[in-house]
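Engineer: I'd like to ask some things about the structure below.
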Amino acid sequence: MGFTVREIESPDSVTRVVAEDAKLRAPRPGDGAAGDADIGEKMILNMGPSHPATHGVLRLVLELDGEIIIKATPDVGFLHRGDEKIAENMQYNQFVPYTDRLDYLAPLANNVAYALAVEKLMNWEIPPRGKAIRVICCEISRISSHLMGLGAMALDLGAMTVFLYSFTQREKIYDLSELLSGARFTTSYTRVGGQIRDLPEKFVPMLRDFLDEFGPALDEMDKLLTRNKIFVDRTRDIGVITKDRAIAYAISGPNLRGSGIEHDLRRKHPYLDYEQYDFDVVVGSAGDCYDRYLVRVEEMRQSVKILRQVIEKLPGGPINVADWKNMLPPKSHVMTKMEELIHHFIVVTEGLSAPPGEVYFAAENPKGELGFYINSRGGGVPYRLKIRAPSFVNLSILPELLPGCMLADVTAVLGSLDFVMGECDR
C-alpha cells in the first residue's frame, strides 16, 4: 500500500506528549463537533526503547488513528555517553577506542575517519601502503555493516534465512578483523599517523578466499529477497524520501543515494587515493525502502570490486608517517638511542604536538557521512571536538516520513534507514 509523504507541523517534545495525554482527548481546532466522536479512536503508542525493530534504544512515540500513523516523535539519547566532551580531556590517540563505539558495526572505518581528521590538522600524508590498508579496513567494514543491515531488515519482515546467511559471512569478516587487529569487534587498529601494525602474512590470502566465497553468498541472498513477493510488497512505495526532502534533511550515504542523488564522498572529495580505484556510485530512483535495500546490496558488490583492486595493487614500503617527534619511534631505536627514547617519552606523556587551528574531515562511512570537526589551540589535546553522526541526521526525517504509514510499515522504514544508536547518541 503506497502513501505520499506530507509535511506536518514540528512534533511536540516527548515530555509534553506524555504529560499532556489528557489534552489529546480534547477536540482540536477545526475538528468541530465531529472531532469529539473520532478523537477517542486516536491512540498514543510507545515503540521502544526496548523493541527489537528499533535496532537499539530508540523510542518512538506514535499517535495512531486505527492502524495509520498520524504523528511520530523520535526520542533519542538513551545511549548518550558524552564522547565529544571526553575527547577534550584526552590525547588524540587516546580517543581512538571511543570511535569504535560510534557505529560499532564498522569500527575499522570509524578509526580511519577520525585518524584522517587529526592528520588533516597535522598536515600529514600517509604513505601509499598505509592508504591501501585503510581502504581495506573501510571496505570490509562497509560489507559487514551492510550485511547486518540487510539481515536485520529481512528478519524484521519475517525472512529469517537471510539473517542467518548474512551473519555467516559477517563471522568471516570478524575473523579477518581478529587477524588484523587482535580484536573482532572493537578493533582500535588505526592510529593517528598510521596503523598499529602491518598486514599479517596470512591476511591477503584469507581476504582473497573471503571475496571468492562472498560473491555467490550475496547472489543467494539477492535471490531470496529481491524478487520475493512478500518482501517487495512490504518495501516498495513505503517510506518514500524524495530528492528535495533528502537534501533538506541532510540525509547521506545509501539513504541519500536511494533517493536518486549521486553523491559519494569517495568520488566527490576523494581521500585515501579512492580516485585510483574503479567502482560505480550506486543510486536508486524511487527513494523507497526497496530502493535503499537495492543500493546496499549493490554497494557490497562494489566494495568487493574495490578490495580486489587493492589486493592486486598493494604497494610495499612503510605504513606510518615518519615524524618521530610526534610518532612513536621504532622500538629498536628507542632501546639504543637517547634522542628516540626522549621523544618516545614525550609522545606517550604529552601526546602529539598539534598546531592551533580548526579542521573538518568527513568520510563515506557505511551509514553515511561521518565527520569530525576539531578545534585545536595547540598541544596534544583538542580544545573542541564535534562528531557529525550520520545515524542522528538520517533519523531526523522520521517525524515527516512515518505519518501516513501503517503501523506494520515502521519496521520496514527503520530497517531501510539502517542506523546505529551508539553513533546517533554518541
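The values are calculated or read from the model by the stated rules, or taken from the named source; none is laboratory data. Model, not experiment: these values are computed from the prediction. Methodologically, a virtual Cβ is constructed for each residue, glycine included, from the backbone with ideal geometry; neighbour enumeration extends over all protein chains shown.
Engineer: Among the candidates LEU147, LEU211, LEU155, LEU199, single out the residue that is in the same structural domain as GLU119 (by TED's automatic domain parsing) and crowded, with 22+ Cβ neighbours inside 10 Å.
Structural biologist: That would be LEU147, the only listed residue that is in the same structural domain as GLU119 (by TED's automatic domain parsing) and crowded, with 22+ Cβ neighbours inside 10 Å.
Engineer: Specify which of the listed residues (TYR277, TYR271) is within 24 Å of LEU218 (Cα to Cα), assigned by TED's automatic domain parsing to the domain that holds GLU119, modelled with pLDDT of 90 or more and of a type in the set (Phe, Trp, Tyr).
Structural biologist: Exactly one residue qualifies, and that residue is TYR277.
Engineer: Can you go through LEU199, LEU147 and tell me which one is at pLDDT 90 or above, under 30 Å from ILE126 (Cα atoms) and not in a helix (DSSP H, G or I)? Let's see the steps before the verdict.
Structural biologist: Details: LEU147 fails: not in a helix (DSSP H, G or I).
Selected residue: LEU199, the only one of LEU199, LEU147 that is at pLDDT 90 or above, under 30 Å from ILE126 (Cα atoms) and not in a helix (DSSP H, G or I).
Engineer: If you don't mind, there's one more thing I want to ask. Quickly run through segment 170-216 and pick out the residues that are over 30 Å from TRP324 (Cα atoms) and touching a Gly at 6+ places or on another chain (Cβ under 9 Å).
Structural biologist: Matches in segment 170-216: ARG170 only.
Per-residue answers, yes or no, for (1) more than 29 Å from the chain's Cα centre (by Cα); (2) of a type outside the set (Ser, Thr, Tyr); (3) within 27 Å of LEU272 (Cβ to Cβ):
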position	(1), (2), (3)
GLU339	yes, yes, no
HIS344	yes, yes, no
TYR360	no, no, yes
ASN365	no, yes, yes
ILE387	no, yes, yes
PHE392	no, yes, yes
LEU398	no, yes, no
LEU407	no, yes, no
THR411	no, no, no
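Engineer: Quick check on ASN320: is it farther than 30 Å from THR73 by Cβ and touching a residue at least 24 places away in the same chain (Cβ under 8 Å)?
Structural biologist: Criteria met by ASN320.
Engineer: Checking the structure you have, find out if any residue of segment 321-341 is on the phi < 0 side of the Ramachandran plot, in contact with an Asp or Glu (Cβ under 8 Å, 6 or more places away or on another chain) and small (Gly, Ala, Ser).
Structural biologist: no
Engineer: Looking only at segment 392-414, which residues are touching a Lys or Arg at 6+ places or on another chain (Cβ under 9 Å) and over 19 Å from LYS85 (Cβ atoms)?
Structural biologist: Hits for segment 392-414 are ASN394, ILE397, PRO399, GLU400, LEU401, LEU402, PRO403, GLY404, ALA408, ASP409, THR411, ALA412.
Engineer: Any residue that is hydroxyl-bearing (Ser, Thr, Tyr) and within 18 Å of the chain's Cα centre (by Cα) - is there at least one of those in segment 242-249?
Structural biologist: Step one: list which residues in segment 242-249 are hydroxyl-bearing (Ser, Thr, Tyr), which gives 242, 249.
Of the ones still in play, those that are also within 18 Å of the chain's Cα centre (by Cα) are 249.
Looking through segment 242-249, at least one residue is hydroxyl-bearing (Ser, Thr, Tyr) and within 18 Å of the chain's Cα centre (by Cα).
Engineer: Let me ask something else about it. Taking only segment 370-389 into account, find how many residues are of a type outside the set (Gly, Ala, Ser) and touching a Leu at 6+ places or on another chain (Cβ under 6 Å). Explain how you work it out, then say what you get.
Structural biologist: Within segment 370-389, the subset of a type outside the set (Gly, Ala, Ser) is 370, 372-375, 377, 381-388.
If we keep only those that are touching a Leu at 6+ places or on another chain (Cβ under 6 Å) as well, we get 374.
Within segment 370-389, residues that are of a type outside the set (Gly, Ala, Ser) and touching a Leu at 6+ places or on another chain (Cβ under 6 Å) number 1.
Engineer: Can you find a residue that is free of Cβ contacts under 8 Å to residues at least 60 places away in the same chain, surrounded by 15 or more Cβ atoms within 10 Å (Cβ to Cβ), on the phi < 0 side of the Ramachandran plot and not in a loop (DSSP other than H, G, I, E, B) anywhere in segment 218-231? So that I can check it myself, show each step before the final result.
Structural biologist: So in segment 218-231, the residues free of Cβ contacts under 8 Å to residues at least 60 places away in the same chain come out as 219-220, 223, 227, 229.
Of the ones still in play, those that are also surrounded by 15 or more Cβ atoms within 10 Å (Cβ to Cβ) are none.
No, the conditions are met nowhere in segment 218-231.
Engineer: Additional query: Would you check which residues across segment 380-400 are of a type outside the set (Ser, Thr, Tyr) and either crowded, with 24+ Cβ neighbours inside 10 Å or farther than 18 Å from SER252 by Cβ (or both) and list them?
Structural biologist: Residues satisfying the conditions are GLY380, VAL381, PRO382, ARG384, LEU385, ALA389, PRO390, ASN394, PRO399.
Engineer: Let me ask something additional. Considering only residues of segment 315-337 that are among the hydrophobic types (A, V, I, L, M, F, W, C) and surrounded by fewer than 15 Cβ atoms within 10 Å (Cβ to Cβ), which is farthest from the chain's Cα centre (by Cα)?
Structural biologist: My answer is MET335.
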